[in-house]
Amino acid sequence: MTQEALLEVRGLATHFFTGQGIVRAVDGIDLTVCRGETLALVGESGSGKSVASLSLLRLVEEPGRIVAGAVRFAGDDLLRLSEREMEAVRGAKIAMIFQEPMTALDPVQRVGDQIAEGLRVHEGLARRAARARAVELMARVGIPDPVRRARAYPHEMSGGMRQRVMIAAALSCDPDLIIADEPTTALDVTVQAQILSLLDDLKRESGAGVLLITHDLGVVAEVADRVSVIYGGQIVEDGPVEQIFRRPAHPYTQGLIACVPDVELPRQRGRALQSIAGSVPSPFDRPDGCRFRDRCPSAFARCTEEPVLVPIANGHSARCWLNVR
């Protein structure tokens, strides 16, 4: 059965106009998130994944500007809505969980009041009803003693508890889509596992779609249904998570997977971790043709030409000349 597309992004381009030149941070990407699934957008720092997520909600600040594309959600192109119409979408229909809750939460406002604020704005609840609902949401995301914790300030909570507050706020209006931007980066592995399990459980309960922004393929393997790999502002590989891990078709994806240690494999014990040679090129000085070619061990003459995404099999595609026969 074909899943219902919740979010369809086509040709999205976000550029930054600086004194040094134009930075094409996101350069014509396509994404689809269906109801009840998790799509992981994966890439190194500087690949464009966070700018892409901010672009979906039109939160890119100057000198950034969305210059092309369409972001279709619930029948509307979000890029064509007025700012007032977008305010009704943000938080209510599409919620975002930011990477660092200490910068996203108001340090001088109690966390319960911050959760309640969205309920008052989007759901029209009275102050007392909103506070009661905030306590219920805090309990739902596993915060112990939520009545007392609701009166706490962000600095009085651990990193894991603050992230749970962010998730509670994101879920407050039962959004159809949750965008989670590196939600576990600053957390230790035990808390990370708890947060990922919580997100997965909440997705299954609500039927919401999740767009997970991450650089961690271990996280992807645990919770994602599909993967889009981004490099240099372009999607270089896309497909079901099982196919991406078993038969990666782009050298960049192959390199990312090779960098993940597997302690269960005896041959990896005592060996140095693999890495991808070089670094992400400056957005002012990207190579012509394939943007990965200067770091690619399989580069050949045709890589100076711009590759396109080509189908591999069963919804799996890759932007690499090695897949063109």
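The values are calculated or read from the model by the stated rules, or taken from the named source; none is laboratory data. The structure displayed is predicted, hence computed values, not measured ones. Cβ coordinates were reconstructed from backbone atoms using ideal geometry, including for glycine residues, and neighbour counts include every protein chain displayed.
Kindly provide the set of residues from segment 271-325 that are over 24 Å from residue 13 (Cβ atoms), part of a helix (DSSP H, G or I) and in contact with a helix residue (DSSP H, G or I) (Cβ under 9 Å, 6 or more places away or on another chain), ordered by number.
302, 322
Residues to consider are 41, 59; find the one that is in a strand (DSSP E or B) and among the hydrophobic types (A, V, I, L, M, F, W, C).
After ruling out the rest, the residue left standing is 41.
Taking segment 107-133 on its own, how many of its residues are in contact with a helix residue (DSSP H, G or I) (Cβ under 8 Å, 6 or more places away or on another chain), among the charged types (D, E, K, R) and not in a loop (DSSP other than H, G, I, E, B)?
6
From the set of residues in segment 106-133 that are of a type in the set (A, V, I, L, M) and surrounded by 20 or more Cβ atoms within 10 Å (Cβ to Cβ), which is farthest from the chain's Cα centre (by Cα)?
130
Let me spell it out: the conditions are (1) under 24 Å from residue 119 (Cβ atoms); (2) within 18 Å of the chain's Cα centre (by Cα); (3) crowded, with 24+ Cβ neighbours inside 10 Å; (4) not basic (Lys, Arg), and residue 236 meets all of them except one. Which number is the exception?
Unmet for residue 236, out of (1) under 24 Å from residue 119 (Cβ atoms); (2) within 18 Å of the chain's Cα centre (by Cα); (3) crowded, with 24+ Cβ neighbours inside 10 Å; (4) not basic (Lys, Arg): (1).
Among the residues of segment 70-106, write down those that are part of a helix (DSSP H, G or I) and under 18 Å from residue 160 (Cα atoms).
Hits for segment 70-106 are 101, 102, 103, 104.
How about segment 134-145: which of its residues are part of a helix (DSSP H, G or I) and surrounded by fewer than 19 Cβ atoms within 10 Å (Cβ to Cβ)?
Scanning segment 134-145 gives 136, 139, 140.
If residue 185 satisfies every condition in (1) touching a helix residue (DSSP H, G or I) at 6+ places or on another chain (Cβ under 8 Å); (2) closer than 30 Å to residue 217 by Cα but one, which is the exception?
The one condition residue 185 does not meet is (1).
Residues checked against (1) touching a strand residue (DSSP E or B) at 6+ places or on another chain (Cβ under 9 Å); (2) buried (at least 24 other Cβ atoms within 10 Å of the Cβ):
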{"position": "168", "(1), (2)": "no, yes"}
{"position": "172", "(1), (2)": "yes, yes"}
{"position": "176", "(1), (2)": "yes, no"}
{"position": "179", "(1), (2)": "yes, yes"}
{"position": "191", "(1), (2)": "no, no"}
{"position": "207", "(1), (2)": "no, no"}
{"position": "212", "(1), (2)": "yes, yes"}
{"position": "225", "(1), (2)": "yes, no"}
{"position": "229", "(1), (2)": "yes, yes"}
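Can you name every residue in segment 193-205 that is of a type in the set (A, V, I, L, M) and either modelled with pLDDT of 85 or more or surrounded by 16 or more Cβ atoms within 10 Å (Cβ to Cβ) (or both)?
Of everything in segment 193-205, those that are of a type in the set (A, V, I, L, M) and either modelled with pLDDT of 85 or more or surrounded by 16 or more Cβ atoms within 10 Å (Cβ to Cβ) (or both) turn out to be 195, 196, 198, 199, 202.
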